[in-house]
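Only one structure is covered here, and it is reproduced in the block below.
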Amino acid sequence: MTRREFITGIVPGAVCLATVRVGAAECAEPTVEALGDIQTFDYLGGGWQMYMFAGRTIDISLSTLFRSPSGRLVMVDGGWAEDGEFLLPVLKALGGTVDTWFLTHAHSDHYGALGAIIKKPACGGLRIGRVVHDFLPLAFIEETATSPATAPHVREFLGNLAQSGLKVERPAVGQMYDFGEGLSFECLNGYDLSFRRDSVNNSSICYRVLDNGRSILVTGDVSEEMGAKMVRTLPPEKLKSDVCFMAHHGQAGADKAFYAAVRPEVCIWPTPQWLWDNDFGGTNGPGSGEFLTNYVKCWMQDLGVKRQILLVRDWRMV
């Protein structure tokens, strides 16, 4: 999803936050840490490191790597094709073998990096043990996706993935992926074809990552309907997590009730600077957009979140 598609795909009737002054009048701007291109996260309990990669473009994306003490690699999403050009040498420098590559859903800012890598002969020298995803059926994407470009891009990616010869697995709800050395991923949901609004985002597969007593909830772009379903159907202990990736880059995703069920101590925002600032672009400046980021900042304050981590490249400098 490009920045233009993201802007035009905002929930109809969204209020301009500069008018209602959410974030200025209703809650204080939260303290943010860990700005930069690449950060390692020190919250895991068993020796694994989590690397968070900022996007190479001005657009939204998600790219996260887990690395074990012995050097085992597990990827989540990866970002755009441009991010793939950055990721490939990084992953090769870290040993050159990705045990498992999880994809949360069928938007290019999440699978594009892997798509660029698998188009290279022998994946550019990178070894990938398996790719785990549960994309919506193509016919359903064609029928319901907000952007008409979504289905053709997914079709191309799936075709290239099949030609790559990589092992592909579909996760099952409740399935545990045990990577040893204390780390495991649990699949919390599958897609629901009754969710036709915001269908691709609502198909995001969420994983609860466990590492020796610490828990991280990876949400992809899960939207309001799927988030509400998970709150209704999952035992509370399955959603409760110490760390939560903000759904849909921190705006127009899961609602406050979802985050209240998660009860995180730390929130990670896979969010570019313009979206964090609610900046429509050009000369408009912070607060000029119709994004819902500031509402979500206030939710996190209400819920008592202790740390907010924003990983960005400043789009004004690109």
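Please treat every number below as a calculation from the coordinates, not as lab data. What you are looking at is a predicted structure, and each value in this text was computed from that prediction instead of being measured. Neighbour counts are summed over all protein chains in view; Cβ atoms, including those assigned to glycine, are modelled from backbone coordinates with ideal geometry.
Remarks
- Among the listed pairs K238/K297; K256/K306; K120/K238; K167/K240; K92/K167, those whose Cα-Cα separation exceeds 27 Å are K120/K238; K167/K240.
- Extension gain, N160 to D178: 0.36 nm times the residue separation minus the Cα-Cα distance gives 3.7 nm.
- Order of S70, S199 under a 10 Å beta carbon neighbour criterion, fewest first: S70, S199
- Ellipsoid semi-axes for region 13-313, based on the Cα gyration tensor and the rule √(5λ), read 28, 22, 20 Å when sorted largest first.
- Radius 12 Å from Cβ of T104, net charge of other residues (Lys, Arg +1; Asp, Glu -1): -4
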